[in-house]
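The values are calculated or read from the model by the stated rules, or taken from the named source; none is laboratory data. Everything numeric here is computed off the predicted structure, so don't read it as measured data. Note: ideal-geometry Cβ built from the backbone for every residue, glycine included; neighbour counts use all protein chains shown.
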Amino acid sequence: MALEIKNLVGGYSQLPVLKDVSLDVQPGELVGLIGLNGAGKSTTINHVIGILRPFSGKIMLNGISIQDEPEKYKQQIAYVPETPILYDELTLKEHLELTMDAYGLDHDQAWQRAHRLLKLFRLDNKLDWFPANFSKGMKQKVMICCAFMTDAKLLIVDEPFYGLDPLAVHDLLGLIEKKKEAGVAVLMSTHVLDTAQRYCDRFVLLADGKVRARGTLDELRKLADRPDESLDEIYLHLARDGQNE
Amino acid sequence: MSNLFNKRRQRHFMMLLKYWRLVFNDHFVIALFFLFGALAYGYAQWLPQLGPHLWWSRWLLVAWFTVLAQVGRLATLVERPDPVFLLPMVGHMQRYLRQAGRYSLALGELMTLAGAFVALPFALTTERLTMVDVVSIFLVAMLAKDSWLRLAQGMISQQWGQRRQWLHLAQWLLPLVVAMVTWLVNPLWGLVLVIAIGANVDYFFSPTKLTIDWRAAVKMEDDRMYSVYRFFNLFTDVPKVQGNVKRRPWANGLIRRLTVPGHPWSYLYARGLLRNTDISGIVIRLTLLAMVVAFVVPITWLNSALVVLFIYLIASQLMPLFDQFDGNVFTHLYPVPFAQRRADFSRLLVRVTALVAALIILASLGMTLNWRQFGVNLVLAVIEVVLLTRLYFRARIKKLSEES
């Protein structure tokens with residue numbers, strides 16, 4: 001089991017945002033984390049990457065928890081944030097080198113991977129630019145290059161499609177597919193449900209800090225009692241139900 | 001829209017008040033008293049020594065009044081989101097800008113009056129002026145300021161956007177020409193000229209003829225506020241002043257020397273220090289100042305005391321670099337032990353402090369190649385750098401890392 005979250009209660013201050021969240025992501029599996037704004041998707045992700053400390057519950061990554069062995073835990077994750085976060089002071093090339101140093105990657109091998117990614121996203125001629133001045137989509141591509149260059153066992157991708165052009169969305173999905181084949185577990189939060197429906201193996205639907213539903217598309221259909229409908233419709237149905245409760 | 005400007009002006013005042021309170025703390029007020037007292041006394045002592053027909057006195061007045069016209073910028077209080085939120089209000093912006101113009105004019109004229117008063121004793125000593133002349137001089141200065149602000153309004157308009165550089169030039173040329181006529185020909189002729197120019201400027205730059213250029217307006221106001229904040233930042237921490245980033249390719253060698261291979265924090269700190277103008281700027285300025293002081297102060301004990309003080313001051317300016325990157329979530333994700341971060345930071349501190357100390361000590365040789373001074377400073381600096389890094393920095397870093 002790659003990622004395992006058990007009975008997680010957590011949030012930003014004293015007030016818990018997440019109430020008893022449990023989910024798991026298996027190696028080679030893409031799990032879609034879906035939910036309305038404020039449902040707790042980003043809070044969940046912030047707990048997994050270790051910026052928030054759980055009030056109670058457990059987060060284990062291949063049997064390691066962040067409290068017990070923070071370096072080993074962090075070594076295993078790579079993160080693509082919702083809004084690109086870059087250093088004003090570093091060039092594109094330096095962002096990649098810093099990531100290599102931070103993860104202790106072999107520079108020659110990592111650069112081979114990096115060059116393939118840069119070429120894919122048409123960034124290979126911008127190595128000496130400061131990405132802080134890039135457009136939103138190009139910044140997002142830099143974040144993707146940095147994360148996908150590592151050999152992390154868990155990829156956390158938060159709303160990756162915003163600002164990306166259709167070609168880049170397609171390429172990103174291809175990259176995720178390849179990572180899955182290599183046995184990497186991927187947790188992705190998104191609102192782009194038709195894409196999620198086609199690519200995710202399983203879904204976790206969050207509402208008001210709780211897991212409202214989970215399972216494959218078929219399982220969700222059964223749960224909502226809507227056998228032929230798309231994820232989009234099931235999601236709307238479940239979300240409205242949740243709001244009426 | 002008139003409410004909007006008034007509300008913003010009030011908010012702006014509150015903000016300024018908050019910062020002014022911090023600037024005018026007790027010690028600084030006392031220092032200011034002495035400073036102004038000394039300046040006024042020096043000015044008063046200087047005037048009687050001047051003869052009546054100095055070739056440069058009129059040119060000094062021309063320069064003074066030309067520069068005086070540049071003081072007091074156009075404060076539009078426009079904010080970044082305005083182009084989006086006020087987009088449908090373009091027509092009403094004229095009224096808003098007229099209010100902003102009046103507000104800026106009032107402040108600008110106050111400063112102009114003060115500046116003209118300062119110059120008056122000098123002018124009365126070196127020139128023979130009648131009452132009419134004096135009144136004309138004040139009027140000229142005030143009308144020149146008015147035209148200057150009109151030109152500033154033009155600079156943020158769509159009509160004049162393409163010719164911004166020319167307007168900027170005019171903001172210098174116009175007061176210069178007016179001041180030259182005033183002081184080299186006759187103040188009355190200066191008054192006639194400034195009225196003629198002002199009428200034209202008022203005609204061409206009347207607010208009803210101008211449409212706001214949002215990009216230019218936001219940029220101008222941002223620049224203005226940035227310099228205000230930067231001033232306050234000399235006295236207290238202003239969150240909005242974060243410094244700019246410059247590539248500085250000439251520093252690449254130094255960056256490489258400061259970077260420990262394979263250590264991400266060292267990589268980050270070296271670049272953060274040398275490319276962000278905030279910390280590097282103050283370190284460079286203080287180092288240069290310290291070098292000058294060490295170069296010129298001839299009394300051995302005073303020289304050494306100042307060198308020791310400067311090294312401490314410069315070194316302590318480096319401390320904010322420690323948590324400079326805490327806002328970036330990735331610095332929390334790197335699988336790197338905290339001890340390594342701390343070690344990398346102290347290594348950088350030692351290297352930079354040692355480099356700065358070396359430069360200052362070298363300067364303390366002075367014109368006369370005072371080797372004794374050099375030796376004393378060297379011994380003191382070595383002891384100081386060791387003490388600073390072993391004790392002081394370690395304690396500070398420990399405190400900072402407990403906070404972060």
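Within the bounds of region B:235-256, is there any residue that is part of a helix (DSSP H, G or I), touching a helix residue (DSSP H, G or I) at 6+ places or on another chain (Cβ under 9 Å), in contact (Cβ under 8 Å) with a residue 40 or more places away in the chain and not small (Gly, Ala, Ser)?
No, region B:235-256 has no match at all.
Across region A:89-116, which residue is farthest from the other protein chains (Cβ to nearest Cβ) among those that are of a type in the set (Gly, Ala, Ser) and out of contact with any Pro (no Cβ under 9 Å at 6 or more places or on another chain)?
Applying the filter and picking the extreme gives A:ALA114.
If I go through region B:333-354 residue by residue, how many of them are at the interface with another protein chain (Cβ under 9 Å from one of its Cβ atoms) and hydroxyl-bearing (Ser, Thr, Tyr)?
1
State all residues of region B:318-329 that are within 16 Å of B:LEU258 (Cβ to Cβ) and either assigned to a helix (DSSP H, G or I) or not assigned by TED's automatic domain parsing to the domain that holds B:ILE282 (or both); if no residue qualifies, say none.
Going through region B:318-329, the residues within 16 Å of B:LEU258 (Cβ to Cβ) turn out to be B:318, B:321-322, B:324-325.
Within region B:318-329, B:LEU321, B:PHE322 qualify.
Name the residues in region A:72-88 that are within 9 Å of chain B (Cβ to nearest Cβ) and farther than 14 Å from A:PHE130 by Cα, would you?
From region A:72-88, those within 9 Å of chain B (Cβ to nearest Cβ) are A:72-79, A:81, A:85-88; that's our starting set.
Residues satisfying the conditions are A:LYS72, A:TYR73, A:LYS74, A:GLN75, A:GLN76, A:ILE77, A:ALA78, A:TYR79, A:PRO81.
Somewhere in region A:81-97, is a residue within 21 Å of A:ALA213 (Cα to Cα) and surrounded by fewer than 16 Cβ atoms within 10 Å (Cβ to Cβ)? Steps first, please.
From region A:81-97, those within 21 Å of A:ALA213 (Cα to Cα) are none; that's our starting set.
Within region A:81-97, none of the residues are within 21 Å of A:ALA213 (Cα to Cα) and surrounded by fewer than 16 Cβ atoms within 10 Å (Cβ to Cβ).
Quick check on region B:45-66. Is at least one of its residues modelled with pLDDT of 90 or more, of a type outside the set (S, T, N, Q) and closer than 24 Å to B:MET220 by Cα?
Yes: one or more hits.
Yes/no per residue for (1) of a type in the set (Phe, Trp, Tyr); (2) within 14 Å of chain A (Cβ to nearest Cβ); (3) assigned to a helix (DSSP H, G or I); (4) surrounded by fewer than 18 Cβ atoms within 10 Å (Cβ to Cβ):
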position	(1), (2), (3), (4)
B:ASN303	no, no, yes, no
B:VAL307	no, no, yes, no
B:THR331	no, yes, yes, no
B:VAL356	no, no, yes, no
B:GLY366	no, no, no, yes
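Would a scan of region B:69-81 turn up a residue that is in contact (Cβ under 8 Å) with a residue 12 or more places away in the chain and in contact with a Phe, Trp or Tyr (Cβ under 6 Å, 6 or more places away or on another chain)? Please lay out each step first, then the result.
Looking only at region B:69-81, we keep the residues that are in contact (Cβ under 8 Å) with a residue 12 or more places away in the chain, and these are B:69-80.
Those left that are additionally in contact with a Phe, Trp or Tyr (Cβ under 6 Å, 6 or more places away or on another chain): B:69.
Yes; the residues of region B:69-81 include at least one that is in contact (Cβ under 8 Å) with a residue 12 or more places away in the chain and in contact with a Phe, Trp or Tyr (Cβ under 6 Å, 6 or more places away or on another chain).
Considering only residues that are farther than 20 Å from B:ILE284 by Cα and among the acidic types (Asp, Glu), which ones fall in region B:349-404?
B:GLU402, B:GLU403 - these are the residues of region B:349-404 that are farther than 20 Å from B:ILE284 by Cα and among the acidic types (Asp, Glu).
Inside region B:1-110, counting only helices (runs of 4 or more DSSP H) that do not spill past its ends, which hold 2 or more residues that are under 21 Å from the mean Cα position of the chain (by Cα)?
Details: elements: B:2-23, B:26-46, B:57-70, B:82-85.
It comes to B:2-23, B:26-46, B:57-70.
Regarding region B:280-291, can at least one residue be identified that is surrounded by fewer than 21 Cβ atoms within 10 Å (Cβ to Cβ), under 28 Å from A:LEU98 (Cβ atoms) and within 14 Å of chain A (Cβ to nearest Cβ)?
yes
Within the set of pairs 6 or more residues apart or between chains, which connect a residue that is closer than 26 Å to A:LYS136 by Cα inside region A:56-85 to a residue that is part of a loop (DSSP other than H, G, I, E, B) and of a type in the set (A, V, I, L, M, F, W, C) with Cβ atoms less than 7 Å apart?
A:ILE77/A:ILE49; A:ILE77/A:ALA152; A:ALA78/A:ALA152; A:TYR79/A:ILE49; A:PRO81/B:VAL329; A:ILE85/B:VAL329
Just to be sure before I move on: is A:LYS19 buried (at least 20 other Cβ atoms within 10 Å of the Cβ), charged (D, E, K, R) and in contact (Cβ under 8 Å) with a residue 12 or more places away in the chain in the structure I sent?
It is false that A:LYS19 is buried (at least 20 other Cβ atoms within 10 Å of the Cβ), charged (D, E, K, R) and in contact (Cβ under 8 Å) with a residue 12 or more places away in the chain.
Where residues in region B:210-260 are polar (S, T, N, Q) and within 14 Å of another protein chain (Cβ to nearest Cβ), which of them is farthest from the chain's Cα centre (by Cα)?
Let us first name the residues in region B:210-260 that are polar (S, T, N, Q), namely B:211, B:227, B:233, B:236, B:242, B:244, B:252, B:259.
Subset that is within 14 Å of another protein chain (Cβ to nearest Cβ): B:242, B:244, B:252, B:259.
Numbers: B:GLN242: 14, B:ASN244: 14, B:ASN252: 27, B:THR259: 32 Å.
Here the answer is B:THR259.
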